1. Taking the range 21-40, which residues are within 12 Å of the chain's Cα centre (by Cα) and open to solvent by less than 10 Å² (accessible area, probe 1.4 Å)?
2. Looking at ARG292 and the list (1) assigned to a loop (DSSP other than H, G, I, E, B); (2) away from the ligand (no atom under 16 Å from the Cβ), which single condition is not satisfied?
3. Kindly provide the set of residues from the range 270-288 that are in contact (Cβ under 8 Å) with a residue 24 or more places away in the chain and either more than 24 Å from VAL51 (Cα to Cα) or over 21 Å from the mean Cα position of the chain (by Cα) (or both), ordered by number.
4. Can you name the number of the only condition in (1) in contact with a Ser or Thr (Cβ under 9 Å, 6 or more places away or on another chain); (2) open to solvent by less than 30 Å² (accessible area, probe 1.4 Å); (3) touching a residue at least 60 places away in the same chain (Cβ under 8 Å) that LEU97 fails?
5. Do any residues in the range 228-242 that are within 13 Å of GLY8 (Cβ to Cβ) have Cβ atoms under 7 Å from those of residues that are of a type in the set (Gly, Ala, Ser) and within 8 Å of the ligand (Cβ to nearest atom), where the two are at least six apart or on different chains, and which pairs are they?
6. Being within 12 Å of the ligand (Cβ to nearest atom), open to solvent by 10 Å² or more (accessible area, probe 1.4 Å) and outside any helix (DSSP H, G or I) is the filter here; which residues of the range 224-253 pass it?
7. Identify the single condition in (1) within 22 Å of LEU107 (Cα to Cα); (2) in contact with a strand residue (DSSP E or B) (Cβ under 7 Å, 6 or more places away or on another chain) that SER2 does not satisfy, given that it satisfies every other one.
8. Please name all residue pairs, on different chains or six or more residues apart, with Cβ atoms under 8 Å, provided the first residue is in the range 30-45 and is hydrophobic (A, V, I, L, M, F, W, C) and the second residue is within 12 Å of the ligand (Cβ to nearest atom) and outside any strand (DSSP E or B).
Amino acid sequence: MSVDLLLGLQWGDEGKGKIVDVLTTDYDIIARFQGGPNAGHTLKFDGISHVLHTIPSGIFHPSAINLIGNGVVIDPVIFKGELDKLAGFNIDFAKKLYVSKKAHLILPTHRLLDAASEAAKGKAKIGSTLKGIGPTYMDKTGRNGIRVGDILLEDWKTRYNTLRDKHLKMLANYNSSLEYDLTDLETTFFQSLETLKSLPLIDSENFLHTAQKENKKILAEGAQGSLLDIDFGTYPFVTSSTTTAAGACTGLGIAPNAVGDVFGIFKAYTTRVGSGPFPTELFDEVGETMGRVGKEFGATTGRARRCGWIDLVALKYAIRVNGVTQLMMMKGDVLSGFSTIKVCTAYKTKEGVIEHLPFSIEPENVTPQYIELQGWKEDLTQMSSESEFPATFNDYIAYLEKELETPIKIVSVGPDRKQTIFR
Ligand code: IMP
């Protein structure tokens, strides 16, 4: 049985958590393949919002297995906090939540290094979530990292001390004014590891290969968005993992020819949190309204998200890099009330007008070119079928589908599970 992938096509925060939660009923296994607690996947049902950072978004499904894959980086302290928050939901984690032994651990000193490194960058800072993501992936690729499986080894403490001491030397080099109590941080860290140890720590690629043989349905859940990919994103203003489809192969051990559908999630407009270029960003009342109506505040950091019109140049790029087979459009309801909807279809550059994403999309290199479509006034949030949509909203969907050459299979008109329209 093939493995389906679900990915964000913009700069993250597209609403992946909600769609995974909606789709979970069709799957036996939901597997996160990259990123870590920098993610904040929000699910809403029965009037309650849940924000997940490390735990896959299929956790509320009564029988699906949720797997944290080898490509993920785990902060045991944040992870324990997430599990504690779900205590009232009667979830048997030991049966439903598996963790790859090859996933890397975020140490307290990784977080300190993240903070010191960002502070040292001054104005050029990336706007990191400061969860230790960059330093942990650096240790992984530098072959210094500590993996979940290591905590079961006898010499684990020695390994930990060696890496921590290395980090402390690096921190001293930053000369930063960062204040911290390492003893305190380490106490919480070691206590939290016990929670991690209480879960099945497994050879996850073998588990998935067996599941594939047994025809189990698997959904790979991405975090962040394609434009934050370490290779294909707006480097250096990116995260440190492969957020695109290839990341599901390396982050879970899935062979490329085992990939089935690729679900690409996008918002009806665009948002970005943190620094970096954003050609269609709005600095006016329209952008402010999108942020307010769309409640565009980071689920992990609470930071206000930057807002702008949809960018088809960037979306087409993400669709191609990922091989998207089906699209899911989120938050069309937020655009209700704008008399005109703008769509960026090309960039003007020094070399002329282009329709592909160039090396740099910094404001001095590209100027977005827009077409204008008629908006709609109606509140979409209570609508339960496509036939209820205003004609101009259906026109917007049809226009995007034609331009993106990919069917839009789901239109989401609100955060709740129920506010999901299948087409
Ligand atoms: P880091 O991954 O925490 O180091 O952050 C690097 C960049 O990616 C920053 O601009 C963050 O704001 C952004 N970022 C990281 N994770 C997410 C996410 O889940 N949603 C949106 N942006 C994110």
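1. ARG32, PHE33, GLN34, GLY35, GLY36, PRO37, ALA39
2. The failed condition is (1).
3. Answer for the range 270-288, where residues must be in contact (Cβ under 8 Å) with a residue 24 or more places away in the chain and either more than 24 Å from VAL51 (Cα to Cα) or over 21 Å from the mean Cα position of the chain (by Cα) (or both): GLY276, PRO277, PHE278, PRO279, THR280, GLU281, LEU282, VAL286.
4. (1)
5. These pairs meet every condition: LEU228/GLY12; THR239/GLY35; SER241/GLY35.
6. Filtering the range 224-253 down to residues within 12 Å of the ligand (Cβ to nearest atom) leaves 224-230, 233-241, 243.
Right, trim to open to solvent by 10 Å² or more (accessible area, probe 1.4 Å) and you get 224, 228, 230, 233-240.
Residues satisfying the conditions are GLN224, ILE230, GLY233, THR234, TYR235, PRO236, PHE237, VAL238, THR239, SER240.
7. Going through the list (1) within 22 Å of LEU107 (Cα to Cα); (2) in contact with a strand residue (DSSP E or B) (Cβ under 7 Å, 6 or more places away or on another chain), SER2 breaks only (1).
8. Listed pairs, sorted by first residue: PHE33/GLY222; ALA39/GLY12; ALA39/HIS53; ALA39/THR54; ALA39/ALA223; ALA39/GLN224; ALA39/THR300; LEU43/GLY17.
The values are calculated or read from the model by the stated rules, or taken from the named source; none is laboratory data. If you're wondering where the values come from, they're calculated on a predicted model, not measured in any experiment. Heads up, the Cβs are rebuilt from the backbone with ideal geometry, glycines too, and the neighbour counts pull from every protein chain shown. Areas reflect the complete protein model, heavy atoms only, side chains present, ligands, DNA and RNA absent. Shrake-Rupley method; radii C 1.70, N 1.55, O 1.52, S 1.80 Å.
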